[in-house]
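Taken together, the values in this text are just the output of simple stated rules run on the coordinates, not laboratory data. Please read all numbers here as calculations on a predicted model, not as lab measurements. We place every Cβ from the backbone using ideal geometry, glycine too, and count neighbours over all the protein chains shown.
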Amino acid sequence: MGNPSVNRRIFSAVVIVGVLSFAARFVGAGRDLLVATRFGTGDQAEAFLAAYTLPLFAVQVIAGSFTAAVVPTFIEVRERQGREAAQRLLSSAVALGFGLLLVTALVMGAMSSQLMLLLGSRFSAEKQALTQRLFLELLPLVLIGGTGLMWSVLLNAGEKFALSALAPAVTPLVPLALLLAFGARFGVELVVVGTLVGALGEAALVGAGLVAQGWRPWPRWHGYSPSVRQIVGQYLPMVAGASIMASNPIVDQAMAAVLGPGNVSSLNYGNKVVGLVVQLGAMSLSTAVLPHFARMVAVGEWAQLRATFRTYTRLTLAVTVPLTLALIALSHPIVRLVFQRGAFVAADTEVVARVQALSLLQVPFYVAATLVVRLLSSLKANHVLMWGAVVNVAVNVSLDYLLMRRMGVAGIALSTAAVYAVSYTFLRINLGLRLSKHAQNAEQTTDD
């Protein structure tokens, strides 16, 4: 087993992030519950879900890739060159990320008509127009949410996990409060306004946390240094891979739209509980282990690194496999309890429960793959993640097409589970090869 003190610190971080993230996700679930109650699986709900997909996609890809590309280099610079060098790198990295977010938002806005055709190919003209309007209103989320996520990542790099885990509660809290106060009186636009205001509050909270830690989180370019060059070298394949991988939900949603009205909403509602489980598990693990993995790689503690990885892989599977089986068995009552009220009727529960049960099969693979991804990033092997994403998309498109013809929208959920099984296998094999190579190099250095 790995160093007990390292394992204890990781475990403590997992617990902290898990508990606080659950609180944040609980607020998000409350928002989703109210949206389902007020709007059911009707046009307003489907238009909002379709419009929200692409801004969220951009945030996850561009700012989410920031974690894997920046944190290992940031920690290496902080450990070897000191805090001021790390500050310069932080400012330059935020400037790069912010610039990319801005360009992405502008391009998405210019292509809004074409993007809406992709997301809602079977929507009526009126529904497509509503989707496009909501999409344009949500575009500021790319800048606001992306900046907040980048700042949150940097806060985690200093092993300050509590604030960054709890801050995401602010984004759904505002639309939740507005829905409770005004109901459906102002339509789904109320959810849009609340989402933007909440994202702004979340970013401000995390930014204040960085300032309190003595960091200056504002974007400022300090030149194309070797450290920045290393980040760009890791960031580009990570963004490419994340773009390809994050396109899977968009493909799934487009496929669901082809099946007819109600299927986009059913797929989204069926993934809510699954998303909560995998995000809590994956977020807690990835947030906790990345700084430790990156530090061990930076100082060459290969034996401890391998032992820590094995320990948490076994623990992950020991927890997620029985949890998955239990949730599948309880899928129908969970959906009935969470969603069945107001415009969400018993027939909706039957469809969504089946989607949820099949989607849950991804949980062990998804969470275990998170450990592999973070270790590959610490090893600065993000190009492997890019090629893994290419494989995943090919598998997803093929299985979506085949399974939805036989099983309807539930087939799309089963396809997603298969994709994560393939992803874990591919990445785990590549990680094993790289760890063996590093171990051999370490032995040769010792012999010399």
Table column - 3J(HN,Hα) (Hz), region 31-37, Karplus curve with 6.51, -1.76, 1.60, x for Gly and Pro: 4, 5, 4, 5, 4, 5, 5
Neighbour counts of other C-beta atoms within 10 Å: give me 116, 150 arranged from fewest to most. 116, 150
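To the nearest 500 deg cm²/dmol, what mean residue ellipticity at 222 nm is calculated for the chain from DSSP H runs of n ≥ 4 alone, each contributing -39,500 (n - 2.57), summed and divided by the residues? All intermediate terms of the calculation are to be shown ahead of the outcome.
Values: 19 runs with 382 residues, N = 448.
Rounded to the nearest 500, it is -29500 deg cm²/dmol.
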Considering only 148, 30, 342, give the residue with the highest GNM mean-square fluctuation for the chain, with springs between Cα atoms whenever their separation is below 10 Å. 342
Going Cα to Cα from residue 437, which aspartates and glutamates come in below 18 Å? Please leave out same-chain ones fewer than 8 positions away. 301, 447, 448
Charge dipole magnitude, Cβ of K and R +1, D and E -1 - the chain, Cα centre, debye nearest 20: 480 debye
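Could you tell me what a quarter of the Cα convex hull surface of the chain works out to, in nm² with one decimal place? Intermediate values should be presented prior to the final figure.
On the way: hull surface 82.1 nm².
That works out to 20.5 nm², a quarter of the Cα hull's surface.
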With just the Cα atoms defining each centre, how far is region 289-355 from region 199-258? Give it in Å. 23 Å
By its C-alpha gyration tensor, with a ≥ b ≥ c as the square roots of the eigenvalues, how is region 222-324 shaped: rounded for a/c under 1.5, else prolate for a/b larger than b/c, else oblate? oblate
Lysines with Cα under 25 Å of residue 160, excluding same-chain neighbours fewer than 8 positions away: 380
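About its Cα centre, how strong a charge dipole does region 1-157 have in debye, to the nearest 20, once Lys and Arg get +1 and Asp and Glu get -1 at the Cβ? Working shown, then result.
Values: 12 positive and 8 negative charges, 80 e Å.
Rounded to the nearest 20 debye, it is 380 debye.
Would you list 387, 215 from fewest to most Cβ contacts within 10 Å? Numbers along the way, then the final one.
Values: 387 16, 215 20.
In increasing order of surrounding Cβ atoms, one gets 387, 215.
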Mind listing the phi-derived Karplus ³J(HN,Hα) values for region 197-204, rounded to whole Hz, using 6.51, -1.76 and 1.60 with θ = phi - 60°, and x for any glycine or proline? 5, x, 5, 5, x, 4, 4, 5
Under a Gaussian network model of the chain whose springs join Cα atoms within less than 10 Å, the largest fluctuation of 429, 250, 328 belongs to 429
Farthest towards the positive end of the dipole of region 23-96, among 61, 85, 71 and with Cβ unit charges of +1 on Lys and Arg and -1 on Asp and Glu, lies the Cα of 85
Cα centroid of region 376-423 to Cα centroid of region 103-164, whole Å: 22 Å
Label-to-label distance, nm, for residues given as residue 326 and residue 114 (7 Å Cα→Cβ offset): 4.9 nm
